[in-house]
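Worksheet for the structure shown next.
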Number of protein chains: 2
Amino acid sequence: MPVKLKQLAELLGLSQTTVSRALNGYPEVNAKTRQRVLKAVRETGYRPNRAAQRLATGKAYSIGLVMPIASGIGSDIHFGEFLAGLAEEAVKHDFHFVLNPSAPEDEESTFRRLAASGNVDGLFLAHMRASDPRIAMLKSLSIPFIVHGRSIGGSKDYPFLDIDNTAAFYEATRLLIQLGHRRVALINGQEHLAFAIRRKKGVTRALTEWGLDLDETLVHHSVMTDGYGYRSMQRFLMQPNPPTAVLCSSTALALGAVRAINQAGLTVGTDISIIAHDDVLPMLKPENFSVPLTTTRSSLRAAGARVACRLIGGILERGAYPDQELWHPELIVRASTGPAPGK
Amino acid sequence: MPVKLKQLAELLGLSQTTVSRALNGYPEVNAKTRQRVLKAVRETGYRPNRAAQRLATGKAYSIGLVMPIASGIGSDIHFGEFLAGLAEEAVKHDFHFVLNPSAPEDEESTFRRLAASGNVDGLFLAHMRASDPRIAMLKSLSIPFIVHGRSIGGSKDYPFLDIDNTAAFYEATRLLIQLGHRRVALINGQEHLAFAIRRKKGVTRALTEWGLDLDETLVHHSVMTDGYGYRSMQRFLMQPNPPTAVLCSSTALALGAVRAINQAGLTVGTDISIIAHDDVLPMLKPENFSVPLTTTRSSLRAAGARVACRLIGGILERGAYPDQELWHPELIVRASTGPAPGK
DNA sequence: GCCTCCTCCCAAAGCGCTTTGGATGCTCCT
DNA sequence: AGGAGCATCCAAAGCGCTTTGGGAGGAGGC
C-alpha cells in the first residue's frame, strides 16, 4: 500500500490541507514547513494518487493526439519518433498520453468529442498543412493545444514549436552554391505539408540570391521513404542535364538517393553532393552512411518532448514557456558534400 | 455539465446504489428496473465519470504498451498500424492507452515501474522473440497481459493472439510448388523475431514435403522496408541460379523486390512469382501494385484491436474470450504468381 | 399463523485528494 | 492599549462513483 496524504500529514503533525498546499506551491505555507514536507515526501516516497486528483480538481491530467489513419501518416517512419518524444515526456509528468486514431474525414468530430469528453486537458496538432483549418477549429473549441510545425497563412497567434525549415534549407543550398554547384535538386516531403513548402522556399531563395533558378523538374514531392528517394534520384540522373547536388528532406530519402547514385556508377561527395535533413532517427544515422552524410539536424523526438513539456506546463500553470519557438537546425558538414565536378 | 449518477437516480426515483448496480450488471436488480435505467441512460446521455470510477474501484481503466525506442521498432511502418488498432479499441471502451517508450535495456524496470505504479491494469507484449524472457517476467509481476504473437519454446500458458505464420507460408509455398517453382527465395523479417522464424519454418516444411530444399543463400533477414526488399531481390538475381519465386514477409519488402525485378528487365508473375504477406497497411495495398500481388492476408490493425478488446474484457471481467487465438491468414491469389518459366 | 428465506432496494460510508471558510497567534501602528 | 493586518495553519465539505450492511415485503414451509 502506498503512503497517502493522510498518513503523511499525521506523520508530520500537520493537516492534510497544509501538506497539500505545501506540495502544490501555495504561498500560505511557511518555508520551513514546506521543507519539512518535501523532506518527508522524499523519505516516504509519497506520490499523490492521480485518480483522486483528477476527481478533486476536475482535470484529466492527460493530453491527446489525434492520429490520422489510412492516410499513411500513422505508418510514417518519422511519426514513431515524434510519438516517442511525446509519450516519454508525458510519462515523466505522470500524464496519460491518449492516442486517438481517426480517419481524416472524422477528424473534426474526433476533436470535438475529445474536447467535450473531458478526457484530455490539451491537444497536439502535427503534420501541418498550408493554411491548416484545424488551428481555427481547435481555437474555437477553447481547449489548450500546441502545434508542432506552423501553418502557412492564416492568423499567427497560436502556440507552436517549429524548426526553421526555410533557413535550414537556405543555408544548405548556400553551402552547395559556395561549393560551385549550379544545378541542385530537391527531394522533398509531400507537397501539401507546410514544412515541405518552407524547405522549397529556402532552396529557391538561396538560388535566387545567387542569380540561379530552381528547375521545377528537379523537385520531387513524396512520402519520405527510401523507395521514393531512390526513384526520384534515378529520374534526376536520367535527365539530359542532371543535377550535381541534391537536397533531401529526410535521411530516409537520402538512403534511397545514395543507392541510386551508386548504382549509376557515381560517387557521393565527388560526382554528386547530398545534403539531407536529419530528424535524428535512431535507425538512420547520417554518420553511418557509406559516405557520411552532410545534414541539417534537429531531433524530432526532442521536439515531441518539448511540445509535450510545454503543453503540460500550461495545463499545470507551472513554469513559463515561450508561446512560439523556432528551432534552428544545425548544418553539419560530413563527406557527402564536395566541390561541384569540373570546378 | 454532464448528467451525474445522483441526478439520474433522482430522475428515476431510485437510489444511486440501484442505478449503479443496474449499470454494472449486478444480479440484485429487477429486470424491469434495469431496463428503465438503461432507457434513462440512453435518453439523458449519462456517462459515468471515469475519474470517480477510478478512485472508487482502484482500477486504472487504462492499458499500457512498452514501446522500444532506439532499436528502430518504434519507427517501423508496421508498428503504427498495430498501434492504431490498440488505440482505437481503447478509445472505444473509454480506456486510456498509455504508451511507454523505453530503451531496450530499461525494459524490465519499465515493466516493473508500470506494474507497481497502478497506472495501468494490463499490458501488451509485442515483437515476440524466440523464447522471449518478457513473458516469464510479466507473469511474475502478476499483472494481466496479453501477447501479440507467440514465443517459441518456453511455457505455453499465457494469453496470446497470433496468426498462423507457419501455415500461411506453408500454403503460399505449396502454391508456388504446385505452379512448378523449384527454387524459391524468402525475404523475411529480422531473424530473432518469432514470426520470421515460423514463416521460414513454413517454407521449409512445404519444400521438404515435395522433396526440395530451402537454399540458405536464398533467405534474407532484415528490417522490413522496401529498401531492404530491393537489395535482397537484387542480390538474389545476381546469383548464378536465381530463384523463380520469392516470398516476402511484408508488402513493403515486396515493393522493393518488385522494383528490383523490373529493373532487371524481368516481369513479375511470369519470369518471377511473388507472394507477400499483407498486413493490410493502408499505404501499401497489394491490389495497387503494378502487377497486383498475391498475398497471405491478415490485418495488423484488426489484431491490435482484438488484443485490446480481450485485455480490456479481462480487466472488466466481462465477456468470455478464448485465452489463445491463432488466426489463419487467407491466401489471396492475384497476378503476381504464375507458372514457373519454362514449364 | 409464524418464522425463514429470497428478492429488490436503500442509506451511508468510503476512495484520496483539493478547496472553502474560518481560526489562531503575532506584529505593527496609532 | 486595542484593533487592523498578516502569516500560518486547520476542520470539514466536497468531487462522483462503488460497496457494505442492512431493511422491507412477499413467498414458502411447518
> Within the bounds of segment B:222-230, is there any residue that is modelled with pLDDT of 95 or more and either among the aliphatic types (A, V, I, L, M) or not in a helix (DSSP H, G or I) (or both)?
Replying inline: no
> If you scan segment B:121-138, which residues turn out to be of a type outside the set (G, A, S) and closer than 21 Å to B:E105 by Cβ?
Replying inline: B:L123, B:F124, B:L125, B:H127, B:M128, B:R129, B:D132, B:P133, B:R134, B:I135, B:M137, B:L138
> So which residues in segment A:1-48 are more than 14 Å from every other protein chain (Cβ to nearest Cβ), charged (D, E, K, R) and away from DNA strand D (no atom under 12 Å from the Cβ)?
Replying inline: A:K39, A:R42, A:E43
>> Could you go through segment B:316-334 and let me know if any residue there is in a helix (DSSP H, G or I) and within 14 Å of chain A (Cβ to nearest Cβ).
In response: no
> Looking only at segment B:306-324, which residues are buried (at least 19 other Cβ atoms within 10 Å of the Cβ) and of a type outside the set (G, A, S)?
Replying inline: B:R306, B:V307, B:C309, B:R310, B:L311, B:I312, B:I315
> Counting only residues that are more than 22 Å from B:V91 (Cβ to Cβ) and either without any contact (Cβ under 8 Å) to a residue 24 or more places away in the chain or more than 13 Å from DNA strand C (Cβ to nearest atom) (or both), which one in segment A:41-69 is surrounded by the most Cβ atoms within 10 Å (Cβ to Cβ)?
Replying inline: A:Q53
> Would you pick out the residues in segment A:154-178 that are without any contact (Cβ under 8 Å) to a residue 60 or more places away in the chain and touching a Ser or Thr at 6+ places or on another chain (Cβ under 7 Å)?
Replying inline: A:G154
> Within segment B:1-40, how many residues turn out to be within 9 Å of DNA strand C (Cβ to nearest atom) and open to solvent by 60 Å² or more (accessible area, probe 1.4 Å)?
Replying inline: 11
> In segment A:174-194, what residues are closer than 20 Å to A:M224 by Cα and open to solvent by less than 50 Å² (accessible area, probe 1.4 Å)?
Replying inline: A:V184, A:A185, A:L186, A:I187, A:N188, A:G189, A:L193, A:A194
>> For segment A:195-213, give me the residue count where each residue is assigned to a helix (DSSP H, G or I) and open to solvent by 70 Å² or more (accessible area, probe 1.4 Å).
In response: 4
> Can you tell me which of B:V98, B:V120 is over 20 Å from the mean Cα position of the chain (by Cα), at pLDDT 90 or above and buried (at least 16 other Cβ atoms within 10 Å of the Cβ)?
Replying inline: B:V120
> Quick check, is A:A51 within 30 Å of A:H148 (Cβ to Cβ) and within 11 Å of DNA strand D (Cβ to nearest atom)?
Replying inline: yes
> Does A:R259 meet the test of being outside the structural domain of A:A84 (by TED's automatic domain parsing) and either assigned to a helix (DSSP H, G or I) or open to solvent by 20 Å² or more (accessible area, probe 1.4 Å) (or both)?
Replying inline: yes
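Listed here are the residues, each with its yes/no results for (1) within 24 Å of A:H148 (Cβ to Cβ); (2) in contact with a helix residue (DSSP H, G or I) (Cβ under 9 Å, 6 or more places away or on another chain).
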{"position": "A:T173", "(1), (2)": "no, yes"}
{"position": "A:I177", "(1), (2)": "no, yes"}
{"position": "A:G180", "(1), (2)": "no, no"}
{"position": "A:R183", "(1), (2)": "no, yes"}
{"position": "A:N188", "(1), (2)": "yes, yes"}
{"position": "A:A196", "(1), (2)": "yes, yes"}
{"position": "A:K201", "(1), (2)": "yes, yes"}
{"position": "A:D215", "(1), (2)": "no, no"}
{"position": "A:H221", "(1), (2)": "yes, yes"}
>> in contact with a helix residue (DSSP H, G or I) (Cβ under 7 Å, 6 or more places away or on another chain), closer than 25 Å to B:Y228 by Cα and not in a loop (DSSP other than H, G, I, E, B): which single residue out of B:F111, B:F97, B:F82 fits that description?
In response: B:F82
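The values are calculated or read from the model by the stated rules, or taken from the named source; none is laboratory data. Predicted model only: the values in this text are computed from it and were never measured. Quick reminder, even Gly has a Cβ in these numbers, built from the backbone with ideal geometry, and neighbours come from all protein chains shown. Heads up: the accessible areas ignore ligands, DNA and RNA and are worked out on the full protein's heavy atoms, side chains in. Shrake-Rupley method; radii C 1.70, N 1.55, O 1.52, S 1.80 Å.
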